[in-house]
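Here is the structure we will look at.
Please treat every number below as a calculation from the coordinates, not as lab data. Worth saying up front: this structure is predicted, and the values here are computed from it rather than measured. We place every Cβ from the backbone using ideal geometry, glycine too, and count neighbours over all the protein chains shown.
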Amino acid sequence: MASVKTNILTAEQEEKLRQSIDEYVGSIQEKIDALRADGADKVLEIQGNLDSLKRDRIYTQQEKDSIAAGWRKELEKAKAVEAKNKAEVAKLVADAETYLKAHFNQDYFQYVAASCKEEKAFAQEKYRATVAQLNQEHEKTLAKLTDSHEIKDEKYVHKNRLFDAKMQLAKDLQEIKDRRHAAYEHKFHLIDLLRMSKFTFAETMAQKVENYRYTFNRRDFFLRNGLYLAIIVVFAALCVITPAVKGMQLLTVTNVLNILQQASPRMFLALGVAGLIMLAGTDLSIGRMMGMGMTAATIVMHQGINTGSVFGHVFDFTGIPLVGRIILALVVCIVLCTVFTIIAGFFTAKFKMHPFISTMANMLVIFGLATYATKGVSFGGIESTIPDMVIPKLGTFPTIILWAAAAVAIVWFIWNKTTFGKNLYAVGGNPEAAAVSGISVFAVTVGAFILAGILYGFGSWLECIRMYGSGSAAYGQGWEMDAIAACVVGGVSFTGGIGKISGVVVGVFIFTALTYALTVLGIDANLQFVFSGIIILVAVTLDCLKYVQKK
């Protein structure tokens with residue numbers, strides 16, 4: 001075993017290998033620092049002082065202007081020095097980088113990497129030898145014992161010794177991993193100092209790849225991506241099975257566009273409910289809001305006088321210009337959906353009612369009112385020219401996809417670039433802590449419901465146009481499950497405060513693609529619910545495992 005360890009570097013040997021590199025680059029760095037002292041460094045210092053002065057409340061505006069004027073004069077001098085030394089600094093940086101490129105890997109890193117690889121093999125061999133020795137000692141000890149309690153104690157001790165050996169292996173492997181990572185990053189540390197934290201795109205990507213490799217954990221990877229991998233395997237199997245069974249290809253441009261077209265209205269619903277799930281809530285009324293919005297939009301954009309009545313009244317919007325009717329339909333959908341989400345949001349925020357209850361009540365009220373008002377009848381089709389005005393096809397490309405893309409971009413901006421979005425994460429993660437820090441939990445909760453209502457209204461309006469009307473109170477049944485499932489599959493956690501818009505988008509595409517593929521394959525619609533249920537169960541199980549692991 002001693003011979004295996006001969007090529008493993010000690011810390012002193014590794015430092016000696018790196019010494020010439022550090023000395024050469026370090027000498028260049030000293031020259032660069034001297035050139036930057038009265039130039040680039042001074043510029044950064046003065047700019048920082050000017051920024052701080054703007055926020056300073058001690059001085060009057062006149063005093064601030066006077067101080068700033070002096071600093072700006074100094075800034076001009078520093079910039080002049082920086083410009084004067086720029087060529088010399090660039091030359092020194094290029095010299096250091098050329099040296100690093102020629103010597104870092106060849107004279108240093110390749111030996112460290114080889115050493116770490118050999119040390120890893122040695123650590124594993126050491127672990128196997130330790131386990132074999134422990135097992136041998138355990139068998140000898142058991143052979144001498146006759147008392148059942150002593151045997152039980154010995155087995156317990158042996159189990160703990162095996163665990164300690166395993167932990168020691170994990171510790172040794174982590175130290176080796178740390179050592180290799182530190183050696184790799186040392187080059188970028190030197191470049192960081194030379195260029196003042198400016199990296200090329202290739203260097204940035206190389207660091208990201210290395211950091212991913214360094215932090216990669218197999219168990220965490222499968223917890224995060226296991227469901228996606230399984231779905232990809234299922235979808236790949238469907239792509240192979242469909243041509244054999246149905247004699248047609250599943251993965252074609254036409255089918256992909258059809259999937260995206262069907263997913264577009266559902267995207268609005270998923271984006272809306274994602275904000276509520278972020279607050280550890282949900283919304284059971286989405287499907288009924290879809291039916292209500294579809295009905296309202298069909299009535300406003302109906303082809304000719306409406307054939308059905310609402311509370312006994314027959315509406316006629318034919319006197320309004322077509323563009324006006326399209327806009328009015330959108331406004332009506334948004335207002336109706338938002339009014340009901342505000343009601344649910346108020347009861348949830350004010351009385352700490354669980355969203356399951358408040359939105360279930362909404363679901364029943366909406367369905368009851370819509371069905372009673374319309375007698376449950378379908379209102380026929382909308383004006384045939386409207387779809388071509390709102391969601392025309394550019395060749396074979398359905399522009400309804402662009403509406404969904406715009407919604408994704410807007411909601412992403414709200415979640416990630418606004419105070420409301422940051423507060424949404426904070427309240428979802430810990431409402432008590434958010435309240436203590438000055439965030440209005442009531443306002444954030446109601447705001448999330450309002451945003452959801454606007455998105456539901458938009459989604460129902462688009463679906464009405466996509467389907468050429470035919471709105472009825474029964475339309476949209478079960479859509480709430482699809483929207484919620486898409487969010488869960490996309491990584492929006494029911495524990496609150498965790499989720500990304502990109503995950504929601506992926507979740508919607510996954511469910512729409514699977515439904516489309518199963519339909520093309522001729523799988524019964526009832527069996528499709530079984531697939532959806534299994535996916536939801538697995539997704540939530542993985543989410544719970546991640547939550548337990550964090551705790």
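Per DSSP H run of at least 4 residues, take -39500 (n - 2.57); add these up for the chain, divide by its residues and hand me the 222 nm value, nearest 500 deg cm²/dmol. Write down the numbers at each step before the final one.
Numbers: 19 runs with 427 residues, N = 551.
One gets -27000 deg cm²/dmol as the mean residue ellipticity at 222 nm.
Expressed as a whole percent, how much of the Cα-Cα distance distribution for the range 241-285 exceeds 15 Å?
Beyond 15 Å sits 61 percent of the P(r) for the range 241-285.
Starting from the Kirkwood Rh over alpha-carbon pairs, what translational D in µm² s⁻¹ does the range 1-149 have by Stokes-Einstein at 20 °C and 1.002 mPa s? Can you show the working numbers first?
On the way: Rh = 21.6 Å.
Here the translational diffusion coefficient equals 99 µm²/s.
Identify all lysines with a Cα-Cα distance to Lys140 below 25 Å; exclude those on the same chain that are fewer than 8 residues away in sequence.
Lys140 reaches Lys126, Lys152, Lys155, Lys159, Lys166.
Using amide H atoms built 1.01 Å from N in the peptide plane, name the residues 5+ places from Gly381, or on other chains, whose amide H lies under 5 Å from its own.
Gln303, Ser470
Only Cα pairs under 8 Å and at least 6 apart count here; give the relative contact order of the chain as a rounded whole percent. If you can, show how the numbers build up before the last one.
Details: 655 pairs, mean separation 100.0, N = 551.
Result for the chain is 18 percent.
Among the aspartates and glutamates, which fall within straight-line cross-link reach of Lys16, defined as a Cα-Cα distance under 17 Å, with same-chain neighbours fewer than 8 residues apart omitted?
Asp107
Tally Lys/Arg at +1 and Asp/Glu at -1 over every other residue whose Cβ is under 14 Å from the Cβ of Leu518; what's the total?
Working: positive: Lys246; negative: Asp482, Asp524.
Once positives and negatives cancel, what remains is -1.
When a/c reaches 1.5 or more, the comparison of a/b and b/c decides; with that in mind, is the range 392-551 rounded, prolate or oblate per its Cα gyration tensor? Let's see the in-between values first.
Values: a/c = 2.13, a/b = 1.37, b/c = 1.55.
Oblate.
For His189, His354, His181, what's the fewest-to-most ordering of other Cβ within 10 Å of each Cβ?
Working: His189 10, His354 13, His181 16.
The order, fewest Cβ neighbours first, is His189, His354, His181.
Of the options Phe104, Gly459, Ser52, report the single residue whose Cα projects farthest towards the positive end of the charge dipole of the chain (beta-carbon charges: Lys, Arg +1; Asp, Glu -1).
Gly459
State, in angstrom, two size descriptors of the range 8-50 derived from its alpha carbons: Rg to one decimal place and Dmax to the nearest whole number.
Calculated on Cα positions, Rg and Dmax stand at 16.7, 53 Å.
What range in the chain is the longest one free of chymotrypsin sites (Phe, Trp or Tyr not before Pro) that are in a loop by DSSP and have at most 15 other Cβ atoms within 10 angstrom? Please list the in-between numbers first.
Values: sites that count: Tyr59, Phe199, Phe216, Phe311, Phe315, Phe351.
Answer - 352-551.
Dividing the alpha-carbon Rg of the range 221-550 by 2.2 N^0.38 Å yields what? Present the calculation step by step, with values, prior to reporting the outcome.
Working: Rg = 20.1 Å, N = 330, 2.2 N^0.38 = 19.9 Å.
That works out to 1.01 for the range 221-550.
Give me the distance between the Cα centres of the range 219-246 and the range 364-385, rounded to whole Å.
Taking the Cα centre of the range 364-385 as reference, the centre of the range 219-246 is 39 Å away.
Span-like helices, the chain: DSSP H, alpha-carbon axial extent 24 Å or more, mean Kyte-Doolittle 0.5 or greater, which ones? Mind showing how you got there, number by number?
Values: long enough: 11-37 (34 Å, -0.90); 61-103 (56 Å, -0.81); 110-144 (51 Å, -0.95); 148-195 (69 Å, -1.07); 218-246 (39 Å, 1.21); 253-278 (34 Å, 1.16); 322-350 (41 Å, 2.28); 355-374 (28 Å, 1.29); 400-417 (25 Å, 1.77); 441-466 (37 Å, 1.56); 501-521 (30 Å, 2.17); 525-550 (38 Å, 1.24).
Sorted by number, the helices that extend far enough and score high enough are 218-246, 253-278, 322-350, 355-374, 400-417, 441-466, 501-521, 525-550.
Show log10 I(q)/I(0) for the chain at q = 0.12, 0.13 Å⁻¹, two decimals, from a solvent-free Debye sum over equal Cα scatterers.
Values, matching the q order: -1.15, -1.21.
State the answer as a single residue: which of Ala373, Val489, Leu223 lies farthest towards the positive end of the charge dipole of the range 221-550, with beta carbon charges of +1 for Lys and Arg and -1 for Asp and Glu, about the Cα centre.
Comparing the listed Cα positions along the dipole, Leu223 ranks first.
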